[in-house]
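*Asks:* For reference, the structure I am asking about is given below.
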Amino acid sequence: MDASPSKRTPSSDAPSLVAEASSKPLFAASLADERKQELRQAISALQAELSTQLSARDALLSESGMTVEQARKLNDQNIDRLHRYNDIKDAAQTLFGKLAELKGQTVKDIYGEYGVGLDD
C-alpha cells in the first residue's frame, strides 16, 4: 500500500491527530486535577486541625474564665516580662564577664562567688 501524502484521506488521519493532540492536554489536565485534589485534601485537614485547636482554646478559656482579649493581653504582658528578664540577664552576664576579667578569674568562678548557677 502506498502511504504517500496524496493518497491519504483527511478522515483517516483525523482521529490519530485528534488523539495525539488531546492526549497531552488531558494528561496535563489530569495532573492539575490531581494537584487540586491534593490541595483540597490538605485544606480540609488544616481546617479540621484549626477547628480542633479552636475548641481546645475555647475550653481553656472557659476553664480560666478569661476572654480571648484578656488571654491575648496576658500573653503580651508575659512576652514583655520575658524580654525584660532576658535584657537583665544579658546585662548581668556582661557584668560578671567584666568582673572576672578585672579579677583575673573565670566567669565560672565569679558565678560561684555570688552563688549563681551557670544555668541561671
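*Asks:* Considering only DSSP states other than H, G, I, E and B, which chymotrypsin sites (Phe, Trp or Tyr not before Pro) in segment 30-120 qualify as loop sites with at most 12 other Cβ atoms within 10 Å? Before the final figure, lay out each step's value.
*Replies:* Working: sites: Tyr85, Phe96, Tyr111, Tyr114; in loops: Tyr114.
Hits after loop and neighbour filter: Tyr114.
*Asks:* May I pose another question? Each residue of segment 43-52 in turn: what ³J(HN,Hα) in whole Hz from Karplus with 6.51, -1.76, 1.60 and θ = phi - 60°, glycine and Pro shown as x?
*Replies:* Running phi through 6.51 cos²θ - 1.76 cosθ + 1.60 with θ = phi - 60° gives 4, 4, 5, 5, 5, 5, 5, 4, 4, 4 Hz.
Quick note: the coordinates plus some simple rules give every number you see, no bench work behind them. Fair warning: this is a prediction, and the values are worked out from it, not measured in the lab. No Cβ is skipped: glycine too gets one built from the backbone with ideal geometry, and neighbour counts run over all protein chains shown.
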